[in-house]
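Data first, discussion second: the structure below is written as structure tokens.
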Amino acid sequence: MPEIDRELLEILVCPQSKAPLRQVGDWLYSTDPDTRRRYPIRDGIPIMLIDEAETVSPEEFGRIMAQTGGQPDQTG
């Protein structure tokens, strides 16, 4: 599973909330605690479509935010 280029990851945002994203495996997780969306990465390409996203549980969201060393986005 290749990592998304850091510069690209800094530009990409959640299409629903406009929150920054964090890559964990083959997923890009939105840092927005209200939507808790994750977007798939297929063949190295981020699929940034709301219809393709999944909503994760509050527990998974908290675990992912802790795992990636940051806090949820509070700008929304």
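Could you please find all residues in region 32-56 being within 10 Å of the chain's Cα centre (by Cα) and among the aliphatic types (A, V, I, L, M)?
M48, A53
Go through region 6-31 and report how many residues are part of a loop (DSSP other than H, G, I, E, B), farther than 11 Å from P46 by Cα and more than 8 Å from the chain's Cα centre (by Cα).
Adding up the residues that qualify gives 6.
With respect to G62, determine if the residue is assigned to a loop (DSSP other than H, G, I, E, B) and out of contact with any helix residue (DSSP H, G or I) (no Cβ under 7 Å at 6 or more places or on another chain).
no
Going through region 25-45 one residue at a time, which ones are touching a strand residue (DSSP E or B) at 6+ places or on another chain (Cβ under 8 Å), farther than 11 Å from C14 by Cα and touching a residue at least 40 places away in the same chain (Cβ under 8 Å)?
I41
Considering only residues that are closer than 15 Å to I4 by Cβ, aliphatic (A, V, I, L, M) and at pLDDT 95 or above, which ones fall in region 20-51?
Correct list: L21, V24, L28, I41, I47, M48.
Within region 32-45, track down each residue that is closer than 17 Å to S57 by Cβ, out of contact with any Cys (no Cβ under 8 Å at 6 or more places or on another chain) and crowded, with 17+ Cβ neighbours inside 10 Å.
Hits for region 32-45 are P33, R36, R38.
The values are calculated or read from the model by the stated rules, or taken from the named source; none is laboratory data. This is a predicted model, so every value here is computed, not measured. Every residue, glycine as well, gets a Cβ built from its backbone with ideal geometry; the counts of neighbours run over all protein chains shown.
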